[in-house]
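Notes for the one structure printed next.
The values are calculated or read from the model by the stated rules, or taken from the named source; none is laboratory data. All values reported here derive from a predicted model rather than from experimental measurement. Backbone-built Cβ (ideal geometry, glycine too); neighbour counts: all protein chains shown.
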Amino acid sequence: MAVGSKIFPQDSAPGPVTVSKPWDTSAIRSRSADWLEVLFVFAIFEGILWTPRSFGHSVMIAMVVVCVTWFSFRRNSRAELGLTWPAEGAGWILAVGVLAAIAIPAGIIATGHPVPANPDWPKFHNLWPYFIWAFAQQFLLLSFFFLRLESLVGARWAVTASTLLFTLAHLPNMALTGMTIIGALFFAEMFRRYRSIYPLGIVHALLGTAIAYSFPDTFMHHMRVGLSYWQF
């Protein structure tokens, strides 16, 4: 006599029961690591800006360089980090940058002020270190901060969040901070679209040079930020 109901048939070998996890612990660990890396590097970087030159100051610089390099290359490819020339967009980015770099001193001259604004700074033969520093800043802003913030809050919000961090790093130089908001928004948005820091590094260097030659030290404080702004 059959014991199984014809209305509710029974499986002779029921399959394994799958229990869904209420959360993905690996995803939580990954997000936590991103937040910790962002906060740790930004805190050390701010420490560099707000402490006098000393052995500890040099140690913090080394920590930022090592941590940013290690955190970046252990998880991202060169293409993801923006270390490839973009297939498109480079010409447009460079055109905007060159025009802006020309417009800044041209506008100053049009108002009747001299360019260069400072007779002894910056010296032309000392500009090459700034070009290296411009690319380093783009790597920190985009290849490090933007990529992590993108994984945490999405690409659109990462543009705003990375701009905020970059802007805060330029305090208390309010003139430079105001210019940084515009520049960082442009850099972050172009990186979101084209994923390359090379044309952005060139534009950064051109704009920084134009600003340095166009504004007097009484206004720009040698473009210093952090503690060195007050020590100028």
key: Among residues of region 148-181, those that are out of contact with any Lys or Arg (no Cβ under 9 Å at 6 or more places or on another chain) and over 17 Å from E46 (Cα atoms), counted   = 10
query = Could you give every pair whose Cβ atoms fall below 6 Å, whose first residue belongs to region 23-39 and is closer than 14 Å to L149 by Cβ, and whose second residue is of a type in the set (F, W, Y) and at pLDDT 85 or above, counting only separations of at least 6 or pairs across chains?
reply = E37/F71
key: Residue satisfying all of: in region 65-86; surrounded by 14 or more Cβ atoms within 10 Å (Cβ to Cβ) and without any contact (Cβ under 8 Å) to a residue 60 or more places away in the chain; nearest to the chain's Cα centre (by Cα) among these   = C67
ask   = Among the residues of region 160-176, is any under 20 Å from V38 (Cα atoms) and either over 15 Å from the mean Cα position of the chain (by Cα) or at pLDDT below 95 (or both)?
value = yes
key: Residue match in region 117-132 (condition: of a type in the set (D, E, K, R) and at pLDDT 95 or above)   = no
request  = Go through the residues of region 117-131 one by one and say whether even a single one is within 21 Å of the chain's Cα centre (by Cα) and surrounded by 15 or more Cβ atoms within 10 Å (Cβ to Cβ).
outcome  = yes
remark   = Scanning region 135-157 residue by residue, the ones that are in a helix (DSSP H, G or I) and either over 22 Å from L207 (Cβ atoms) or of a type in the set (F, W, Y) (or both) total 15
ask   = Would you pick out the residues in region 91-126 that are of a type in the set (A, V, I, L, M, F, W, C), part of a helix (DSSP H, G or I) and in contact (Cβ under 8 Å) with a residue 12 or more places away in the chain?
value = I93, L94, V96, V98, A100, A101, I102, I104, I108
